[in-house]
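The values are calculated or read from the model by the stated rules, or taken from the named source; none is laboratory data. The structure presented is a predicted model; accordingly, all values stated were derived computationally and were not measured. No Cβ is skipped: glycine too gets one built from the backbone with ideal geometry, and neighbour counts run over all protein chains shown.
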Amino acid sequence: MAVRVKFVDPAKLYRMIKNELDAAYFEVMSKGDLIDRGQLKSFEENLAKFVGTKYAVGLNSGYDALHISLRAAGIKQGDEVIVPAHTFVATCSAVVNVGATPVLVDAGKDFNIDCDKIEEAITDKTRGIIPVHLSGWMADMPRILELARTFNLTVIEDACQSLGSSINKKMAGSWGLTGCWSFYPFKILGGYGDGGAITTDDADVAQFATRMRYNGEDRETGEYHGHGFTCLLDNLQAAFLDVKLKYLPKWIDHRKLIAKKYRSGLSDIPDLLLPHYDRPGFDHIYQNYTVRSKQENDFSEFLKENGVEVLTQFRKPYYKHEALELQDRGFPETEVLSREVCSLPMAVELTDGSVDYVIEVVRKFYGR
Ligand SMILES: Cc1ncc(COP(=O)(O)O)c(C=O)c1O
């Protein structure tokens, strides 16, 4: 069957705000403002305001945000950094690429790092922890900050999937030394190519990132302050992102309505676990609507066969990929959830009719 409900539809989203995106494009192109210009500055200011930090520094990707953050924290060879066993591989690769050793910790029931298992992973070499806020739902930051204080660890938030999420109104990306952002096209705030940023309250970290993204150069003095990288957020992408950022609060509300619809249409199915955790103060923004189905691939394949595009990240956990040479210490929750996860379509461009259709197909699978 042909695709009836797309997972995301970037061309449709473009049509929804075409005039503004086109205007941003013409402004940049007609002036030739390609690198490190006003649009980048404006986006950084607006992003920092949105997240509630003093600074935001635009980078080329979420990976770069993690990598530069680790360097800013002085994490290096011989150090250990705690990362979740269930995350996108970039969280872990950034640690490996600064020469440090990632120490993996199993997921909890909400897909994020299991805080009950962090302490046993800490050794005298542990320098940092990277909690990941998956799918729009934050890791338990009050608890993680407490552990970090006790064991003197630097906290770098991988907030790539959670722009706009919060705990007790304090936004993701404003809790750690840095918050790391990805503007990969299918993120809640997606560009039209790769993009990323860090947010931070630390002036030295912001300055370090601003230099490192430009090969270590201070753009005002021309002085190189270290061996850096080429990983600046393009001005054109910044202009597009700045347009989209204005819509984000409205789009998050829309996503919450879709999630509500899924919940009322599917919550009576015992074999299907829905991503509603109802923790006071925690705000889910539904970057993804990831369910767990006891029927694993049979469930996701049925949806696809019936024209519903779904994502099953990550069927094979990253630590099981041999070439990454990571130690599989046994992560029981990650093992099971990796087989069960299935993200249903969740995007601001989805119509009510499409959501109803997804619900209908899921119910049909369960014979309801
Ligand atoms: C949790 C997480 N961490 C890191 C990244 C890396 O971001 P990017 O693809 O922009 O490098 C992503 C995005 O794909 C992500 O979802």
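Structural remarks
- All conditions in (1) farther than 20 Å from residue 347 by Cβ; (2) more than 16 Å from the ligand (Cβ to nearest atom) hold for residue 232, with the sole exception of (2).
- Residues of the range 239-267 classified as more than 23 Å from residue 12 (Cβ to Cβ) and in contact (Cβ under 8 Å) with a residue 12 or more places away in the chain, total: 2
- Checking each residue in the range 232-268 for being of a type in the set (A, V, I, L, M), within 30 Å of residue 365 (Cβ to Cβ) and within 21 Å of the chain's Cα centre (by Cα) picks out 252, 257, 258, 259.
- Residue identified as more than 21 Å from the chain's Cα centre (by Cα) and at pLDDT 95 or above among 55, 14: 14
- Every condition in (1) more than 11 Å from the ligand (Cβ to nearest atom); (2) in contact (Cβ under 8 Å) with a residue 40 or more places away in the chain; (3) under 27 Å from residue 47 (Cβ atoms); (4) out of contact with any Leu (no Cβ under 6 Å at 6 or more places or on another chain) holds for residue 122 except the one numbered (3).
- Among the residues of the range 188-201, the one identified as more than 30 Å from residue 18 (Cα to Cα) and surrounded by 21 or more Cβ atoms within 10 Å (Cβ to Cβ) is 200.
- The residue that is nearest to residue 141 (Cα to Cα), among those in the range 85-116 that are of a type in the set (A, V, I, L, M, F, W, C) and within 11 Å of the ligand (Cβ to nearest atom), is 111.
- Residue list for the range 283-325, restricted to those being more than 23 Å from residue 354 (Cα to Cα) and within 23 Å of the chain's Cα centre (by Cα): 283, 314, 315, 316, 317, 318, 319, 320, 321, 324
- Subset of the range 44-84 that is of a type in the set (Gly, Ala, Ser) and away from the ligand (no atom under 14 Å from the Cβ) - its residue that is farthest from residue 214 (Cα to Cα): 78
- Subset tally (residues that are part of a helix (DSSP H, G or I) and in contact with a helix residue (DSSP H, G or I) (Cβ under 7 Å, 6 or more places away or on another chain)) for the range 8-24: 4
- Qualifying position, being touching a residue at least 60 places away in the same chain (Cβ under 8 Å) and within 10 Å of the chain's Cα centre (by Cα), among 135, 165: 135
- Search result, residues across the range 240-289 that are part of a helix (DSSP H, G or I) and of a type in the set (A, V, I, L, M): 241, 243, 245, 248, 252, 257, 258, 259, 266
- Residue list for the range 27-71, filter: among the hydroxyl-bearing types (Ser, Thr, Tyr), over 24 Å from residue 92 (Cβ atoms) and touching a Ser or Thr at 6+ places or on another chain (Cβ under 7 Å): 53, 55
- Filtered residues of the range 156-187 (kept if surrounded by 21 or more Cβ atoms within 10 Å (Cβ to Cβ) and over 27 Å from residue 289 (Cβ atoms)): 178
- Taking each residue of the range 326-354 that is free of Cβ contacts under 8 Å to residues at least 24 places away in the same chain and surrounded by fewer than 16 Cβ atoms within 10 Å (Cβ to Cβ) and looking for partners that are among the hydrophobic types (A, V, I, L, M, F, W, C) and assigned to a loop (DSSP other than H, G, I, E, B) with beta-carbon atoms closer than 9 Å, six or more apart or interchain, yields 328/85.
- Filter pass, residue 36 being among the charged types (D, E, K, R), away from the ligand (no atom under 15 Å from the Cβ), within 22 Å of the chain's Cα centre (by Cα) and farther than 21 Å from residue 174 by Cα: no
- Qualifying positions in the range 184-208 - within 15 Å of the ligand (Cβ to nearest atom) and over 30 Å from residue 278 (Cβ atoms): 185, 191, 192, 193, 194, 195, 196, 197, 198
- Just one residue in the set 211, 292 is among the basic types (Lys, Arg), more than 16 Å from the ligand (Cβ to nearest atom), surrounded by 14 or more Cβ atoms within 10 Å (Cβ to Cβ) and closer than 26 Å to residue 368 by Cα; that residue is 292.
- Restricting attention to the range 75-112, the residues that are surrounded by fewer than 21 Cβ atoms within 10 Å (Cβ to Cβ), in contact (Cβ under 8 Å) with a residue 60 or more places away in the chain and farther than 20 Å from residue 321 by Cβ add up to 3.
- Total residues in the range 142-169 satisfying the condition of being more than 16 Å from the ligand (Cβ to nearest atom) and of a type in the set (S, T, N, Q): the figure is 5.
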